[in-house]
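The values are calculated or read from the model by the stated rules, or taken from the named source; none is laboratory data. Quantities reported herein were computed from a predicted structural model and do not represent experimental measurements. We place every Cβ from the backbone using ideal geometry, glycine too, and count neighbours over all the protein chains shown. Protein only, heavy atoms only, side chains kept; ligands, DNA and RNA dropped before computing areas. Shrake-Rupley method; radii C 1.70, N 1.55, O 1.52, S 1.80 Å.
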Amino acid sequence: MNPLVQSLEKGLVVSCQALPGEPMYSENGGVMPLFATGAAQSGAIGIRANSVRDIKEIRAVVPLPVIGLLKREYDGYEPYITPALDDVEAVLYAGADIIAFDATDRIHPNDVSTPDLIAQIRKAHPTAVLMADISTYDEAVTAAKCGVDLVGTTLSGYTAASANSPVPNLELVRRLAADLSIPVIAEGNISTPDLAVDALNCGAHAVVVGGAITRPAQICTRFVDAIRARAAQTPSEN
């Protein structure tokens, strides 16, 4: 196993991301490194980050492995997590230690399949550490056969092929951990500490948590919804 991947074992990776339109997004940057610093100080063992700018800024302040990606939409194609070779190279040159990319069975930009994309990456960058973001068991098996270093359940529940899957999909984590010879990262809707522990108990090599830690609006909404639900169930005193 790659020593960098080994260093993530049984730990928490915090996803520090914000997209345009979200409260923590800043055109000028500077926000995600603060989240990453807080995560590092609290015991996280890795950071997942989107965009060249955020990867560079986080690398400058946090001495943890960075799983980097680039969310980019291409007209006519569904994959948007580091979907093309150019995006992979942008993430690599930004300083990411591990490159996360869409490894679903959907066609990538320039009509490239996932096996072809992995072959392109390996040819251009043989030593790059690759994390395949998958949505189904078969996609993970294919990615592993093509030579990725680890797989993540990031996209389970977010593709047509996985639309009926539970979220988080801990059964998928369990199956993959039992059947694959490479590490499995549990990611996607890990919203509580108990779920993170459950994922590790299912055999996950590590757990990625994002919104439950780094999206204040999402966290606040959970509290507000719970309070409103309780109020609706409480008989009025009038």
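Tabulated data
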read-out: Whichever residue in the range 88-106 is in contact with a Pro (Cβ under 8 Å, 6 or more places away or on another chain) and of a type outside the set (S, T, N, Q) and, among such residues, is farthest from ALA160 (Cα to Cα); value: ASP97
read-out: Test: residue in the range 18-27 that is outside any strand (DSSP E or B), buried (at least 17 other Cβ atoms within 10 Å of the Cβ) and modelled with pLDDT of 95 or more; value: no
read-out: Lone qualifier among THR104, THR154 - being modelled with pLDDT of 95 or more and in contact with a Gly (Cβ under 6 Å, 6 or more places away or on another chain); value: THR154
read-out: Top-ranked residue of the range 50-80 - restricted to ones that are outside any helix (DSSP H, G or I) and among the basic types (Lys, Arg), ranked as most open to solvent (accessible area, probe 1.4 Å); value: ARG72
read-out: Unique match (being among the aliphatic types (A, V, I, L, M) and in contact with a Cys (Cβ under 7 Å, 6 or more places away or on another chain)) among ILE55, ILE47; value: ILE47
read-out: Candidate set: the range 162-174, residues that are surrounded by fewer than 17 Cβ atoms within 10 Å (Cβ to Cβ) and not acidic (Asp, Glu); chosen: the one nearest to SER135 (Cα to Cα); value: ALA163
read-out: Any pair with Cβ under 8 angstrom, 6 or more apart, that starts in the range 210-230 at a residue that is within 23 Å of ALA44 (Cα to Cα) and ends at one that is small (Gly, Ala, Ser) and open to solvent by 60 Å² or more (accessible area, probe 1.4 Å); value: none
read-out: In the range 97-116, the residues that are aliphatic (A, V, I, L, M) and open to solvent by less than 10 Å² (accessible area, probe 1.4 Å); value: ILE98, ILE99, ALA100, ALA103
read-out: All positions within the range 1-52 that are over 15 Å from the mean Cα position of the chain (by Cα), in contact (Cβ under 8 Å) with a residue 40 or more places away in the chain and over 22 Å from ILE219 (Cβ atoms); value: MET1, ASN2, LEU4, SER7, GLU9, LYS10, VAL52
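For (1) open to solvent by 50 Å² or more (accessible area, probe 1.4 Å); (2) farther than 22 Å from ASP54 by Cβ; (3) within 19 Å of the chain's Cα centre (by Cα), each residue gets a yes or a no:
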position	(1), (2), (3)
ALA119	yes, yes, no
ARG122	yes, yes, no
LEU130	no, no, yes
VAL141	no, yes, yes
LEU155	no, no, yes
ALA160	yes, yes, yes
